[in-house]
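The values are calculated or read from the model by the stated rules, or taken from the named source; none is laboratory data. Nothing here was measured: the structure is a model prediction, and the numbers come from that model. Glycine gets a Cβ as well: all are built from the backbone with ideal geometry, and neighbour counts include every protein chain shown.
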Amino acid sequence: MSTTLAKSTTTDSVVHYTLEAIDQMRLWSTIPDPDLLQAVLKPTRQIVLEIPLRRDDGKYETFQGYRVQHNNSRGPYKGGLRFHPDVDVNEARTLAHLMSLKTAVANIPFGGGKGGIAVDPRSLSVYELERLTRSFTNLLGDNIGPYRDIPAPDVNTNGQVMAWIVDEYAKKHDHSLGVVTGKPIELGGSLGRDEATGRGVMIAVREAARERGCDIKKARVIFQGFGNVSSFGARLIENELGGKVIGVSTSKGAIYNEKGIDLLSAEAHYHKNRDLKDFPGVTWMTNDELLVQDCDILIPGALEKAITAANARDIKASILVEAANDCTDFEADKILNERNIFVVPDILANAGGVVVSYFEWVQNLSNHYWDLAKVRQELERIMVAAYAQTSSVAGEHKYSMRMAAYTSAIERIVRAMALRGV
Ligand code: GLU
């Protein structure tokens, strides 16, 4: 297969990075069957569903639902479900592909999957949301399960949505808490799952700063985002590392103050007003403006495609840590590399969420629950090992951290495939 041709035509950055990694790996002597490399380019199964919903006013409507199962050679498919108007099969495919790589980088025994429903959940009542989630679960049928495919929360989904899935799944299968992760604590959720992605980002920031000789106690940090990942991440960077957060944002706009932001007050303001606007003592600006403000560490932690060729040249940070999936497109990535900006890629930086999902699943299957200290300690161990392994591959081959993470992940997947046999 001519990967060079495909690389010049694809607009999907994740496919582009994968093709680049495959090109590199063809030169490696350690790959058992180089033909298998291309298997990671395509998902195993793409499920497209038409989900019926009776609205509260009696009207009938349908919504499109998706689940893409990318690769399960290392373990059951694993990855989130998002409820967002932009969800489609292409987005689910890209994100499922990233999940296969992410679980491989973290070296946890899962493959990758992703899905969701093309809907704005704020346009539904809570009863409609429950019926839609139950309908979706029913239509997914045997395609999900604790040893098959394990969904989790993602954009606009939460523990309550996972609880409805557990309940609906149990109507046609054995009772099984391990069918989804990210559940409420009362229903088999893990302590520390809510902070997990943010804590993993904090660990990635700490390791990257250490590697680059950046004194984290003097570092000025900007988060694009203020949702679950960014708010936990920001707080942990201040509380546990002593860094200073000088900018955060929501989809409506950003706040910036070079002297630092009072995060607890900003959170209280946001929860009260559903907006950061009018928060006192800061400069209000757009998300695009925030990304190019002066800082040492920039952390895109909102939706995809934040960093593009349009802003990559103006970024002032020397370290960029990708808390959001697929947030840097391949043209921007090239510019960042040329400018010697150190990028910790999404599949490493935001793996903390799925790592604690793994702990949740282990606890569900063993019916034995861990305390918070154990969750944090195990997360620390796995994140530090994944960072060190990626950094060592980068050093050995003179790769960027992204290329090192992609090649290490693909190598693990392909080795598992070769051992199983085709
Ligand atoms: N949605 C999260 C992610 O993108 C977590 C997935 C999971 O826990 O399975 O990594």
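Things worth noting here:
- Filter result for the condition that a residue is farther than 20 Å from I299 by Cβ, of a type outside the set (F, W, Y) and crowded, with 24+ Cβ neighbours inside 10 Å, over S190, S176: S190
- Yes/no for A351 being buried (at least 24 other Cβ atoms within 10 Å of the Cβ) and either under 12 Å from the mean Cα position of the chain (by Cα) or away from the ligand (no atom under 16 Å from the Cβ) (or both): yes
- Check on D329, away from the ligand (no atom under 14 Å from the Cβ) and crowded, with 20+ Cβ neighbours inside 10 Å: yes
- Per the listing D333, D346, the residue uniquely of a type outside the set (F, W, Y) and closer than 30 Å to K183 by Cα is D346.
- Number of the exception - D314 against (1) closer than 26 Å to D149 by Cα; (2) away from the ligand (no atom under 16 Å from the Cβ); (3) free of Cβ contacts under 8 Å to residues at least 24 places away in the same chain; (4) of a type in the set (D, E): (1)
- Only one entry in V362, V356, V343 is part of a helix (DSSP H, G or I), over 18 Å from G112 (Cβ atoms) and under 22 Å from the mean Cα position of the chain (by Cα), namely V362.
- Among residues that are away from the ligand (no atom under 16 Å from the Cβ), among the β-branched types (V, I, T) and in contact (Cβ under 8 Å) with a residue 40 or more places away in the chain, V375 is not included.
- Considering only residues in the stretch 168-179 that are part of a loop (DSSP other than H, G, I, E, B) and touching a helix residue (DSSP H, G or I) at 6+ places or on another chain (Cβ under 9 Å), the one that is nearest to the ligand (Cβ to nearest atom) turns out to be S176.
- Candidate set from the stretch 76-109 (those that are among the β-branched types (V, I, T) and part of a helix (DSSP H, G or I)); member that is farthest from Y66 (Cα to Cα): V105
- Taking the stretch 83-133 as the range and being more than 15 Å from the ligand (Cβ to nearest atom) and of a type in the set (A, V, I, L, M, F, W, C) as the test, the residues that pass are V89, A118, V119, L124, V126, L129, L132.
- Residue in the stretch 110-117 that is under 14 Å from N71 (Cα atoms) and either of a type outside the set (G, A, S) or assigned to a helix (DSSP H, G or I) (or both) present: yes
- Any hit, the stretch 136-156, residues being modelled with pLDDT of 95 or more, farther than 24 Å from E186 by Cβ, touching a Leu at 6+ places or on another chain (Cβ under 6 Å) and within 16 Å of the ligand (Cβ to nearest atom): no
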